[in-house]
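Working notes, structure below.
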Amino acid sequence: MCVSRNSAGSAARLFAFLLVSSVLAGCATSGQNAKPKGPDSYYLAMYGPQPEERFPLAAIDISKVEPRFLRQQVAYPTSEPPGTIVVDTHNRFLYLVQDGGMALRYGIGVGKAGLEFQGEARVGRKAEWPRWTPTSDMVAREPERYGPLAGGMEPGIRNPLGPRALYLFQGNRDTLFRIHGTTEAWSIGKAVSSGCIRLFNPDIIDLYSRVPTDTRVVVLQSEPPMDGPLGAPMSAITNAGQPLSM
C-alpha cells in the first residue's frame, strides 16, 4: 500500500508530538517524586526551637552535621545494665543503655578535660541552666579570656555548660568531669580545646530528663574506630510499646 507524502508528514509530526509529550510527562513525574535535599523533617523537629525554656533556645542548623551524630536508637550489645551511661570518647558517642541490646546514642564533642578521665563514676548532681566557673588551670592558661570569669558565670545562652549539666562524682568527690550542653553546635563530633563532654542542647535536655542522680557512668578512651551501620532512627523503634519521645 502506498502512502502519500502529505500523509507521511502528518504521521511523522504526530509521532514527534507524542514522543515529546511522553518525555515531558516523565520529567514531571520524576520531579514530583524527587526526595527533597537536606535533613529529614523528623530531625529538623528534634533540633528545632525550644521557646519554653527558661532562656529560649533557637533551632540548631543540622544541615552540615553528619547524620550519625544525631540522636537515634541503635543496637548496642554490652554487659552494662540498662540505665548506664557509656561515653565513647574516641568515636564521639554517648550511649544510654536500654533493654534488649539497644541504646540511645547521642553525638558528642570531647574537650581536653574529657580526654583526661577514664573509668567509672556516678551522676552526683544535676543542674538546669547551671552556673559555670572556669578551672584554675584554664584561668592560668588564658588569663585574659577566663580571668574575668574566675568568680563564675551566670546561667544563660552564652554559658558554656548550656541548659543542663550532669556532674560526675567518684564516691563523694567531684571529679570536675561534666556532661553538658554547648554554645558551639559545630563542635559535636569533634575534639575541642576546652570543656568535658558536650552534647547538642536538645540532646542534653533529653538525656537529663531520662537519668536520675546516682546513674552509673562509664567513660571509655580507647574504643576502636566505628565504621558500621548508623542504626535505626528513634521514630522507627518503640520502647515498651510506646514511641520514644524526641
Zone reached by a paramagnetic label modelled 7 Å from E53 Cα along Cα→Cβ, restricted to the stretch 151-174 with backbone N below 18 Å, covers 153-167
Sorted by chain and then number, the residues having a modelled amide H within less than 5 Å of the amide H of F177, at least 5 places away or on another chain, are L168
Applied in sequence order to the stretch 54-65, the curve 6.51 cos²θ - 1.76 cosθ + 1.60 (Karplus, θ = phi - 60°) yields integer Hz couplings, x standing for Gly and Pro, of 3, 10, x, 9, 7, 5, 9, 6, 9, 5, 10, 8
So L220 and E128, fully extended at 0.36 nm per residue minus their Cα-Cα distance, gain in nm 30.5 nm
Using a 1.4 Å probe on heavy atoms of the protein chains only, the accessible area for D206 in Å², nearest 10, reads 10 Å²
Output for the stretch 72-142: GluC sites (Glu not before Pro) sitting in coil per DSSP, at most 16 other Cβ within 10 Å, listed by number, reads E116
Around I62 (Cβ within 13 Å, Cβ-to-Cβ, excluding I62; K/R +1, D/E -1) the net charge comes to -1
Classified through the alpha carbon gyration tensor (a ≥ b ≥ c as square roots of its eigenvalues; rounded if a/c is under 1.5, else prolate when a/b is larger than b/c, else oblate), the stretch 38-195 comes out oblate
Sparse-neighbourhood loop hits (trypsin sites (Lys or Arg not before Pro), the stretch 52-148; DSSP loop; Cβ within 10 Å at most 15 others) -> R54, K64, K112, R131
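The values are calculated or read from the model by the stated rules, or taken from the named source; none is laboratory data. Because the structure is a prediction, the values reported are computed rather than measured. Neighbour counts are summed over all protein chains in view; Cβ atoms, including those assigned to glycine, are modelled from backbone coordinates with ideal geometry. To get the accessible areas, we keep the full protein, side chains included, count just its heavy atoms, and leave off ligands, DNA and RNA. Shrake-Rupley method; radii C 1.70, N 1.55, O 1.52, S 1.80 Å.
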